[in-house]
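Peer 1: What follows is a single structure, and I will ask about it in a moment.
The values are calculated or read from the model by the stated rules, or taken from the named source; none is laboratory data. Computed from a prediction, not measured in an experiment: that's the story for all the values here. Note that each Cβ is placed from the backbone with ideal geometry, even for glycine, and that neighbours are counted across all protein chains shown. Remember, those area values only see protein heavy atoms, side chains included, never the ligands or the DNA or RNA. Shrake-Rupley method; radii C 1.70, N 1.55, O 1.52, S 1.80 Å.
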Amino acid sequence: MENRVEDIEIYECPICQGPGILEEENGWCFYVMCMDCGCHTAESSYKTDEDRYVAASKAAALWNRGKVIPSTPGYYF
């Protein structure tokens with residue numbers, strides 16, 4: 001069975017509990033972003049199709065652990 005990026009679980013936003021979405025940036029990286037408050041993870045880059053799922057999984061793992069960058073200047077957890 002093939003690993004599909006669409007099947008990766010994304011939790012609610014660790015800051016506002018809004019919906020998170022896994023985004024792919026021009027075929028080189030993934031990150032997760034909150035659709036409500038705009039916080040996001042760091043990018044997880046890939047170079048080959050074989051590494052694509054791994055990069056998406058890493059971005060999701062950062063998000064699901066609460067490792068996000070707030071969109072509000074001066075915001076601290």
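Peer 1: For helix 49-64, what angle does its Cα long axis make with the longest principal axis of the chain, in degrees from 0 to 90 and rounded to 10?
Peer 2: 20
Peer 1: Given a 1.4 Å probe and the protein chains all in place, what does the accessible area of GLU24 round to, in Å² to the nearest 10?
Peer 2: We get 70 Å² for GLU24.
Peer 1: Here's a follow-up. For region 38-77, what % of the accessible area comes from carbon and sulfur atoms, probe 1.4 Å?
Peer 2: The C+S portion of the solvent-accessible surface of region 38-77 is 51 percent.
Peer 1: Can I ask one more? Which trypsin sites (Lys or Arg not before Pro) in region 32-77 sit in a loop by DSSP (not H, G, I, E or B) and have at most 14 other Cβ atoms within 10 Å of their own Cβ?
Peer 2: Within region 32-77, the qualifying trypsin sites (Lys or Arg not before Pro) (loop, at most 14 other Cβ atoms within 10 Å) are LYS47, ARG65, LYS67.
Peer 1: Kindly state, to the nearest 0.05, the FRET efficiency for ILE69 paired with SER45, given R0 = 25 Å and r defined as their beta-carbon distance.
Peer 2: Approximately 0.95, to the nearest 0.05.
Peer 1: Would you calculate, for the chain, the mean residue ellipticity at 222 nm contributed by helices, counting each DSSP H stretch of 4 or more residues as -39,500 (n - 2.57) and dividing by all residues, to the nearest 500?
Peer 2: -7000 deg cm²/dmol
Peer 1: Still on this structure, please answer the following. Whole-Hz ³J(HN,Hα) for each residue in region 15-27, computed from phi via Karplus 6.51 cos²θ - 1.76 cosθ + 1.60 with θ = phi - 60°, x for glycine and proline: what do you get?
Peer 2: Going residue by residue, I get 9, 10, 6, x, x, x, 9, 7, 10, 10, 9, 6, x Hz, with x marking Gly and Pro.
Peer 1: Related question: Would you mind calculating the gained length between ASN26 and VAL54 on full extension (0.36 nm times residue separation, minus the Cα-Cα distance), in nm to one decimal?
Peer 2: Here the answer is 8.4 nm.
Peer 1: Still on this model: Which whole-number value in Å² is the accessible area per residue of the chain, probe 1.4 Å?
Peer 2: That works out to 69 Å² per residue.
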